[in-house]
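Trainee: One structure follows; several queries about it will come next.
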Amino acid sequence: MDGPGKFRPAGEPIGVTEGNFLQVSKPVCLSGGPVIWLRVVPNADPGRIWQVRELREAATRPMVDLLPLDPGWQSLGYLRSYDGFAVYASSLESPQIALDVVIVFTSGEVWAVDAWTLKCRDGENAILLREEVLAAALGRYSAYLTKLGINPPHRWIAGLQGVKDRGIIIPRRPGTISLNPGPRGICLIDNIICEGDHVADRSPSQSLKPFFTKVFESCGVDRPE
């Protein structure tokens, strides 16, 4: 694999687009470079394998509720692969390069990879950790597994890949002005990984707090409460 945060080797397609009578199916690969990732998996063997069409139906009906880490993309596409179903976002200039993708495997595991945030303007050469976005994603993916019949607790594994020598951007509190909005500290490791359990009576933010704390500690900075 191309690092711990990516579920395909570099250059191997995530899957193919869903073709129709006007368009042929085309392969889509994940963008290279640093990533933010989140996996949500059953805490025990679910005892079955899902068909790709079942995963697609659960993800898109009655509405699309399996969304990438950042749900704010204006346009999303679907991918079919030999081992799962994916929803992805890309740019108009490079439609076959996924910038943000979530895949659900036939085993019942959800794996989301954001290859955009750490390369966009605000995150360039810094760690831009949007805690509320990750927490909302954990809530969505846990709800999706429940929809498949996989009830909590769910195991989560979260990480940042390719962040050595980056500082972290401290979020500005509402109603305040930051005199130094640039990144603080410096991360001395390339990959930050943390895992834990998400249970039904705990908020996603609380479940992911150990990961958020570890990211700040990896940069030598106290996490704002």
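Trainee: What residues from the range 121-162 fall in the zone where the backbone N is under 13 Å from a label point 7 Å along the Cα-to-C-beta line of residue 44?
Mentor: 150-154
Trainee: Quick one, which of (1) 55, 42, 34; (2) 67, 40, 24; (3) 78, 47, 27 is the actual Cα extents along the principal axes in Å calculated for this model?
Mentor: After the calculation, the listed value that fits is (1).
Trainee: Report, by chain and number, residues whose modeled amide H sits under 5 Å from the one on residue 184, excluding near sequence neighbours (fewer than 5 apart, same chain).
Mentor: HN-HN under 5 Å from residue 184: 168, 169, 170.
Trainee: Right, something else. Set the Förster radius R0 to 22 Å, insert the Cβ-Cβ distance between residue 18 and residue 146 as r into 1/(1 + (r/R0)^6), and round the FRET efficiency to 0.05.
Mentor: The pair residue 18/residue 146 has a calculated efficiency of 0.30.
Trainee: When the Debye formula is applied to the Cα atoms of the range 6-100, each taken as the same point scatterer, what base-10 log of I(q)/I(0) results at q = 0.11, 0.16, 0.17 Å⁻¹?
Mentor: Each listed q corresponds, in turn, to -0.35, -0.75, -0.84.
Trainee: Follow-up. What angle do you read, to the nearest 10 degrees and between 0 and 90, between the alpha-carbon axis of helix 131-147 and the longest principal axis of the chain?
Mentor: 30 degrees
Trainee: With the chain treated as a Gaussian network of Cα nodes joined by springs under 10 Å, which of 140, 39, 202 yields the largest mean-square fluctuation?
Mentor: Result: 202 has the largest fluctuation of those listed.
Trainee: Build a GNM of the chain with springs between Cα atoms under 10 Å: which of 93, 57, 131 gets the top mean-square fluctuation?
Mentor: 93
Trainee: On to the next question. Can you list the HN-Hα couplings for the range 151-157, worked out from phi with the Karplus curve (6.51, -1.76, 1.60; θ = phi - 60°), rounded to whole Hz and with x for Gly and Pro?
Mentor: Those phi angles translate into 7, x, x, 10, 8, 10, 9 Hz.
Trainee: If each residue of separation counts as 0.36 nm, what is the full-extension length gain between residue 92 and residue 197 once their alpha-carbon separation is subtracted?
Mentor: Length gained, residue 92 through residue 197: 34.1 nm.
Trainee: Is the shape of the range 179-225 rounded, prolate or oblate, going by the alpha carbon gyration tensor and its root eigenvalues a ≥ b ≥ c, with a/c under 1.5 for rounded and a/b larger than b/c for prolate?
Mentor: It comes out oblate by the Cα gyration axes.
Coordinate-derived values only; no laboratory data. The model shown is predicted, which means the values in this text are computed figures rather than measured ones. Cβ: placed from backbone, ideal geometry, glycine included. Neighbour counts: every protein chain shown.
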